[in-house]
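Visitor: Got a structure for you, written out below as structure tokens; questions coming shortly.
The values are calculated or read from the model by the stated rules, or taken from the named source; none is laboratory data. This structure is a prediction, so every number in the text was calculated from the model and none was measured. Neighbour counts run over all protein chains shown; Cβ positions are idealised from the backbone, glycine included. Calculation scope for accessible area: heavy atoms of the full protein, side chains included, ligands and nucleic acids excluded. Shrake-Rupley method; radii C 1.70, N 1.55, O 1.52, S 1.80 Å.
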Amino acid sequence: HQMANTKSAEKAARVTERRTAVNKARRTRMRNSWRGVEEAIAAGDANSAAAALREAEAETMRAVTKGVVHKNLGSRKVSRLTKRVAALSKA
């Protein structure tokens, strides 16, 4: 990394570091919530899959709102997980 030359650049670097840490934590929470749905689907448990999906959708859309991931990525992921959970409850 290059050293910041001005006060404002130093502050911008600090802010970037903080935001990066926050965004990383949010992205991790989101991905963990997806994993919860995947595991419930793999176990074939429709009830816990539906519960995990509700949590995952909330977590994903919060990440979208906060600008961690793109809106389309969030919608696509939720849509695909929903489809798989629905298929599980039919089976």
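Visitor: Give segment 1-35 a look and list any residue that's within 30 Å of residue 76 (Cβ to Cβ) and among the small types (Gly, Ala, Ser), or say none.
Guide: Residues satisfying the conditions are 21, 25, 33.
Visitor: List every residue pair whose Cβ atoms sit under 9 Å apart, with the two residues 6 or more apart in sequence or on different chains, where the first one lies in segment 38-60 and is at positive phi and the second, anywhere, is at pLDDT below 95.
Guide: Taking only residues 6 or more apart or on different chains, the pairs are 44/88; 44/91.
Visitor: Which count do you get for residues in segment 49-86 that are over 22 Å from residue 23 (Cβ atoms) and either open to solvent by less than 50 Å² (accessible area, probe 1.4 Å) or at pLDDT below 95 (or both)?
Guide: Number satisfying all stated conditions: 7.
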